[in-house]
């Protein structure tokens, strides 16, 4: 199934199914079959397998023309599939991206990457779906995209071994981890991890795809499932990145094992894969600058600008499109633009 969250013309958040190019109100479709289903994604995920099975009955009934609760897509606003996740983690699963980004900064590959998966928490209240992404002045200082795959947790668990972790995945979706690289570089000097460079917008969408929909792409390994899903990014319609989720060096099962150690993960938690190789301008600009230098040339780096569109596409998961919109103010928090004195 492909599950969506949207706001209708009365600005009420609703839960739907996307199928045959149409949207179906899941709760209303259930009512036509005398089935009780919630109106939002949070309650749906908390209901676990029982509600998932009911949703499948609604989908089957719609395909059999027994349900008619379709939605006029011109009258709705598509949200992130999980608009208010309880938490949002982002991992570091693609070795190619990590190695290239470090090489471009003159650094050797860090050996700890191959010893255990890592992640950081990003701002779960700054989740956006398809459409406009409103950013401040400082965010436009080297604004970047990150092409990622994300999973949503479907049941609670703690200390979950990777051998059983795939069963905790409710579905998959596209993630764009927008990054303000000047802010990020500034704060990373203090070795506490990214914060203001990452906390303003994470785009998810366009829908949540249940694992059964991706069965034909699944690759079983002793460390959990991988998926052969080509990934691509388009900046103002121009192809800028190509990758594949099967190149993850840490599976989601292994990442879930790490995330859940000593901590309970909950339905609705979002976990990103990290950036696929070539999946952001930080990496691409660095690589192209090095190549240009070897040729005795200069390279002008590319970043997202106000008014630009960025489209992320993953086979089986659709296309997530966002437009960059600048907020009205010119307030800045960059240290170099502040009168910073010595603090006692």
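Any read-out appearing in this document is the output of simple, stated calculations on the displayed coordinates, not a laboratory observation. All figures in this text were calculated on a predicted structure; none of them were measured in a lab. Neighbour counts run over all protein chains shown; Cβ positions are idealised from the backbone, glycine included.
Spin-label model, residue 155 to residue 334: label points 7 Å out along the Cα-to-beta-carbon direction sit 5.0 nm apart.
With both bridge residues required to lie in the chain, what share of the DSSP beta bridges run antiparallel, to the nearest 5%? Numbers along the way, then the final one.
Numbers: 59 of 69 bridges.
Once the DSSP bridges in the chain are tallied, antiparallel ones form about 85 percent.
Once you order the gyration tensor axes a ≥ b ≥ c over the Cα atoms, which shape class does region 2-78 get: rounded for a/c under 1.5, otherwise prolate or oblate by comparing a/b with b/c? It comes out oblate by the Cα gyration axes.
From the alpha carbon centroid of region 90-112 to that of region 1-80 is 41 Å. For region 88-326, relative contact order (Cα pairs under 8 Å, six or more residues apart, normalised by length) works out to 32 percent.
Between 0 and 90 degrees, the angle of helix 48-63 with respect to the longest Cα principal axis of the chain falls at about 70 degrees. Stretched out straight at 0.36 nm per residue, the stretch from residue 132 to residue 185 would grow longer than its current Cα-Cα span by 16.6 nm.
In this simple spin-label approximation, residue 63 and residue 287 carry label points 7 Å from Cα along the Cα→Cβ vector, and these lie 3.9 nm apart. Of the options [x] 62, 53, 35; [y] 65, 49, 36; [z] 67, 49, 48, only one is Cα extents along the principal axes in Å as computed from these coordinates, and that is [z]. Relative to the longest principal axis of the Cα atoms of the chain, helix 281-294 runs at roughly 40 degrees. Across region 231-344, the mean sequence separation of Cα contacts (distance under 8 Å, 6 or more residues apart), normalised by length, yields a relative contact order of 28 percent. Here the spin labels are modelled as points 7 Å beyond Cα on the Cα-Cβ line, and at residue 234 and residue 216 they lie 2.1 nm apart.
Can you tell me, using C-alpha contacts under 8 Å and at least 6 residues apart, the relative contact order of region 1-61 as a whole percent? Don't skip to the answer; put the middle values down first.
Numbers: 79 pairs, mean separation 16.0, N = 61.
Normalised by residue count, the contact order of region 1-61 is 26 percent.
Compared with the dominant Cα axis of the chain, that is its longest principal axis, helix 95-104 is turned about 20°.
Give the separation of the Cα centroids, region 270-333 to region 172-222, in Å. Answer, in whole Å: 13.
Computed per residue of the chain from DSSP H runs no shorter than four, each worth -39500 (n - 2.57), the mean residue ellipticity at 222 nm is -6000 deg cm²/dmol.
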